[in-house]
Amino acid sequence: MKSRGVTSNVEFLKPFYQTRDGLWYVLISDMPNSSQTAVFQTRLEAYDFCGLSIPSAGPEVPFYEVVDVYLNACAKGKDGNLPLQFRTIRQYEYYLKKWVGSTVGNVPIGDLNTQTVRGLRDDMLRTAGSRRTIQKVIYILSSMLGWARRYGYVPSNEAIGIKVDLWHGLRGQPKVRPVYSDAEVLGLYCALQRLERKQLTVSKALTWEKYGLLCRTLLFMGLRSSEALGLKYSDFSNDFESVMVRRRIEPSRTGMTSFLDRESLPKSRYGKRQLPVSPNLRTRLRRWSRMDLRSDYVFPSKTGGPLEYQTLRRYMWQPLVKESGLLDYGMHSLRHYYASVLIRNKCYFELSRLLGHCSTHFTMDRYGHLIDDDLGRLTEIASQVESRIYQTGSSCGD
């Protein structure tokens, strides 16, 4: 795409988008593997810079232009809803342009009929590997066409009724997540202590004290890594007995102008929750809070912002797994182990609340395979029910 007033070798990576600060950004590239950002106060200025005119509603508007308008509406909060997060908008853009757009082309939005959408689904079923991903693509397309119908781009939502069945052979079976055993977690913990003692310089010792505290927080509280990275001292009670999970941290992406852009809401409204802090972890948090790190975040980077997930994985988790000699199940496996401990103690309803799940049904779908379905225990329960029925019957004079 060429623009007016810009040299001919400039390529537009993305025409425009809006961030939380209300500014409009245009990503451009004039050299391979490099990009620049142009900032504008209004949407009209961004369009003029790209040599575009703001598209009017109607079935003749090209598909990609409708996608751009829809994504900007999502960024501002369409139809009275809250604005979507930066990461979610990027995912929408990827699915709509790379999956849908690459198949149907930049056709007028009015040319998308039920037959076209059904053909798109069938093509993806033949070529794509994940039926769940295809279902997500169809859902996002249906959401966009529903919005387009309300704003006069299309007369009807042609994606309604186009379904993708997830339960199709072995591919639709629930994914069984590997969980570390008690002995393996003990090996991880011992490896963590060894790494903390190995550090010879003050700076490395301080870094591994932070890593050790973060690792214990993941293990003893069952937090997602993004939630742990977003913890601030103001989220804790005065005595560190409890903490309120209020945010999570997104990975750095192109277009984020400050670390505040990486802050986002929890994954769902149930993700905002209050959690207890164990006594040992409470003591470590108190000691860590007395260090002058000049940051509101509990686990800050050298610049004072939140740590990057990839940094944490490369410099904390991978050395820890290597030191322990275990298989790498990922940092999220600490959350799975936390869930397995609660399940073994039959804390099913408490588990759903502590993990921030939307329902116990979702929790059981994720972790139900960890429940001990011992046949002898179930037979004993059935015998107790049977004996109570017989006792009731005998009192009736049978």
Which of (1) of a type in the set (S, T, Y); (2) part of a helix (DSSP H, G or I); (3) modelled with pLDDT of 75 or more does Y390 not meet, given it meets every other one?
(3)
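Looking at the stretch 156-168, is at least one residue among the charged types (D, E, K, R), assigned to a helix (DSSP H, G or I), out of contact with any strand residue (DSSP E or B) (no Cβ under 7 Å at 6 or more places or on another chain) and at pLDDT 85 or above?
Restricting attention to the stretch 156-168, the residues satisfying the condition of being among the charged types (D, E, K, R) are 158, 163, 165.
With the extra rule that they be assigned to a helix (DSSP H, G or I), the set shrinks to none.
Checked against the condition, which is being among the charged types (D, E, K, R), assigned to a helix (DSSP H, G or I), out of contact with any strand residue (DSSP E or B) (no Cβ under 7 Å at 6 or more places or on another chain) and at pLDDT 85 or above, the stretch 156-168 yields no hits at all.
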Of the conditions (1) modelled with pLDDT of 75 or more; (2) surrounded by 14 or more Cβ atoms within 10 Å (Cβ to Cβ), P55 fails just one. Which one is it?
(1)
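Hey, among the residues in the stretch 317-358 that are charged (D, E, K, R) and in contact (Cβ under 8 Å) with a residue 40 or more places away in the chain, which one's farthest from P178 (Cα to Cα)? Steps first, please.
Step one: list which residues in the stretch 317-358 are charged (D, E, K, R), which gives 322-323, 328, 335, 344, 346, 350, 353.
Checking which are in contact (Cβ under 8 Å) with a residue 40 or more places away in the chain leaves us with 323, 335, 353.
Values: E323: 20, R335: 11, R353: 22 Å.
Once the filter is applied, the top-ranked residue is R353.
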Step by step: first the residues of the stretch 176-195, then only those that are of a type in the set (D, E, K, R) and loosely packed, with under 15 Cβ neighbours inside 10 Å, then the one that is nearest to L219 (Cα to Cα). Which residue is that?
D182
Those helices (runs of 4 or more DSSP H) completely within the stretch 279-384 that have 3 or more residues that are more than 19 Å from the chain's Cα centre (by Cα) and over 30 Å from K204 (Cβ atoms) are 333-344, 348-355, 360-367
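Quick one: count up the residues across the stretch 222-238 that are assigned to a helix (DSSP H, G or I) and either crowded, with 22+ Cβ neighbours inside 10 Å or small (G, A, S) (or both). Step through it out loud before you land on a result.
If we filter the stretch 222-238 for residues that are assigned to a helix (DSSP H, G or I), which is where we start, we get 225-229, 233-235.
Still in the list and also either crowded, with 22+ Cβ neighbours inside 10 Å or small (G, A, S) (or both): 225-229, 234.
So the answer is 6.
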Which ones in the stretch 89-104 are at pLDDT 85 or above, out of contact with any strand residue (DSSP E or B) (no Cβ under 8 Å at 6 or more places or on another chain) and among the β-branched types (V, I, T)?
V100
Those residues of the stretch 289-316 which are without any contact (Cβ under 8 Å) to a residue 40 or more places away in the chain, surrounded by 14 or more Cβ atoms within 10 Å (Cβ to Cβ) and within 18 Å of E227 (Cβ to Cβ), in sequence order
S295, P300, S301, R313
What pairs come up if the first residue lies in the stretch 203-226 and is in the same structural domain as R314 (by TED's automatic domain parsing), the second is polar (S, T, N, Q) and surrounded by 18 or more Cβ atoms within 10 Å (Cβ to Cβ), and their beta carbons are under 8 Å apart, counting only those six or more places apart or on different chains?
L218/S225; L223/T217
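Within the stretch 140-157, track down each residue that is free of Cβ contacts under 8 Å to residues at least 24 places away in the same chain and surrounded by fewer than 15 Cβ atoms within 10 Å (Cβ to Cβ). Give the derivation first.
So the first thing to find is which residues in the stretch 140-157 are free of Cβ contacts under 8 Å to residues at least 24 places away in the same chain, and the list is 142-143, 146, 149, 156-157.
If the condition is that a residue be free of Cβ contacts under 8 Å to residues at least 24 places away in the same chain and surrounded by fewer than 15 Cβ atoms within 10 Å (Cβ to Cβ), then S156 is the only one that fits.
Would you mind finding the one in L71, L84 that is in contact with a helix residue (DSSP H, G or I) (Cβ under 7 Å, 6 or more places away or on another chain) and at pLDDT 90 or above? If you could, list the steps in order and put the result at the bottom.
On the way: L84 fails: at pLDDT 90 or above.
When all the criteria are applied, what remains is L71.
To keep it simple, each residue is scored yes or no on (1) among the β-branched types (V, I, T); (2) surrounded by fewer than 19 Cβ atoms within 10 Å (Cβ to Cβ); (3) outside the structural domain of E158 (by TED's automatic domain parsing).
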residue	(1), (2), (3)
V67	yes, no, no
Y70	no, no, no
L82	no, yes, no
T103	yes, yes, no
P108	no, yes, no
G119	no, yes, no
Restricting attention to the stretch 75-114, report how many residues are closer than 30 Å to S268 by Cα and outside any loop (DSSP other than H, G, I, E, B).
21
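The values are calculated or read from the model by the stated rules, or taken from the named source; none is laboratory data. All figures in this text were calculated on a predicted structure; none of them were measured in a lab. All Cβ positions, even for glycine, are placed from backbone atoms using ideal geometry, and neighbour counts span all protein chains on display.
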